[in-house]
Amino acid sequence: MEDISQVAIYKMNASVKIYTDCLRKNETGEYLLKISDFKTINAEDINGKFYFNVSGGKIKTQNDIPWLKFINEKLKEKQSFESKNIQPRGIFIYSIIENDKEDFYTMVFGPGAESFINRDKIISDFGLKIAMNTCDPEAIKSIQTSQHESISIQAEKQIHTGAGLSIFDVDYDEEFFKKISGKAKKEYSFISSITGTDRIHLKFDNNNKLSWKKLKEKTQLLNSLYNSKAYQSTEFKAFDNMKYETNSVIIKALDDLLVEKLKNNNFEKISLTVPEIIDSERYTFSYKNNSDNSNSSNKEYEELLLEDLINAHKEIKNIKTIKNWTIYKNDKALETTYRAWNAYQCFVAELDYSDKKYILFNGKWREISENFMENVNKYIREHHIEFDENILNELDNDILIYDEQAKLNKESVYNETIAKNNSNIFLFDKAHIEIGGKSKYEVCDLFTTNKELVQVKRYENGTASISHLFTQARFYAEAFLIDKELRKNLRSFISDSVLQATSINYNKDGNKFTGLIPEERPIENEYTIVLCILTLEHINLQDLPFMTIYSIYQAHKFLTVNFNYQFKIIQRIVKVIKKN
């Protein structure tokens, strides 16, 4: 009997009715695998189809591939593999009928096999919830978390020997689990280790390898572990604050609602964001392939804006339309255009449906729990966080922020206008100060003689438009305190800038500003972090999307509890020139 010692399994959602629903198609609607090239497997109450593919790789023979022996055990015509210059890979799609309900699962074998799966049909939290219910909480080896500020900030923490979850120092109010690895609890001793993401990856004890006879039993066990709520009595319970939506009916309804809003040009709480951190000065974006010289109408954009995306394509039929739109990244240094993401991956949306609130980012819908929302809103109320009307009156309203040269509305125009004729405000926007001796950043946009470090961002439609505001405020505020070299660089920049005739800061009293930046660690409660949101009309704080409110909550807690800064948030009304 050819049993195997490890396996990776996805569970497919309820919209899957036939095997080919699980297979990925390319942009032209063709399957990446030949759907006519499969082997049927019917054994031990398991019905399925095995799709086989080869790719380049290191030298291998059939005897080196345990999973191929496992598959061949149930094939009438064995899958041969003799070549030494290619690497085999395959997926086995199988179904199990239980209580008159048919569920589909997909096992992946070999490098890159998961690329053949239709990811729209995957249950996104299948492996993660199994891991939360199965891992020994005192033998966790690694976790990966993200902070849901409109852009996804990811962190991975590892302890190779395994340790209790508390050792990983997870902030459950801010961090959400994406991946968990560890040893299984004693009652699951047949599993030596487990890793859960959107799939479950199991390594079995050598005396309890997976066999065809056990496959149905083990799959049903995994499914029951997925449905278990045992994790809710552990520290993993924070997962439910913002859990993946897995109901295909609800996902379709949310997608349809999103499309309806876009068709009606209703962009409230909908925007675009870059789904990863990139060098904004190196790249521009386009919605058509700029390497195609035949298309002279292609445009490049400095930022992703929903209106530009829609204008580039005009017609939206359904959610597939959006998923088929490609966003390209143009590398100015290498003069190369890359296919970066499909548009759906770049959407950040917040929708209400059936008395619940859902958010979309990185191509996944999540349901925000009512308790979580109430806890965040309670914090905002108790700390009296609201737009402050009593500070920084020098930051005027009604400033036109249109950049004639770039043909864009930019907050940098606001910053320059404010700082130009005000001797008590110093412009740091685009200052490019080294932090930690590495990359260069602007520590804040504006710095005042009242020791206010001001970050400025323009708000439009959805939370993504100001997503970086909160990340920057936290990162730079911490660096300002702990990085002595950074403060030295700030003082040097001030001294140089006031002598440059082309600088907005020309002829300002440099000593007045350098004296506010000490060589030794500043006394943080003498400084105020100010978040300035530029809007086109007056809004209340509670008019912002919940994810923005949540980001304000995170920033306030980080800056006033973790550190001892003063914290203020303000808004200023600006004028823009609309595009034709």
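Observations on the structure shown:
- Within segment 371-575: Cβ-based charge dipole about Cα centre, in debye rounded to nearest 20 (Lys, Arg +1; Asp, Glu -1): 400
- Nearby lysines by direct alpha-carbon distance to LYS332 (threshold 25 angstrom, same-chain neighbours under 8 apart not counted): LYS288, LYS299, LYS407, LYS410, LYS430, LYS438, LYS440, LYS457, LYS579
- Shape call, segment 310-441: gyration tensor on alpha carbons, a/c limit 1.5: oblate
- Peptides 268-274, 479-485, 546-552, 138-144 ranked from most to least packed give 546-552, 268-274, 138-144, 479-485, packing being the mean of other C-beta atoms within 10 angstrom over each peptide's residues.
- Directionally averaged projected area (segment 248-368, Cα convex hull): 7.9 nm².
- The order of the peptides 96-102, 70-76 by mean Cβ neighbours within 10 Å, most packed first, is 70-76, 96-102.
- Separation of the GLU300 and ILE482 label points, Cα + 7 Å toward Cβ, nm: 3.7
- The simple Förster model, with R0 at 56 Å and r as the Cβ-Cβ distance, assigns TYR31 and ARG381 a FRET efficiency of 0.60.
- Neighbourhood charge, 12 Å Cβ-Cβ cut-off, centred on SER423 and excluding it, Lys, Arg +1 and Asp, Glu -1: +1
- Length gained on full extension, GLU335 to THR40: 101.4 nm, using 0.36 nm per residue less the C-alpha separation.
- By average C-beta atoms within 10 angstrom, highest first, the peptides 559-567, 118-126: 118-126, 559-567
The numbers here are math on the coordinates, done by the rules we state, and not lab data. Nothing here was measured: the structure is a model prediction, and the numbers come from that model. Note: ideal-geometry Cβ built from the backbone for every residue, glycine included; neighbour counts use all protein chains shown.
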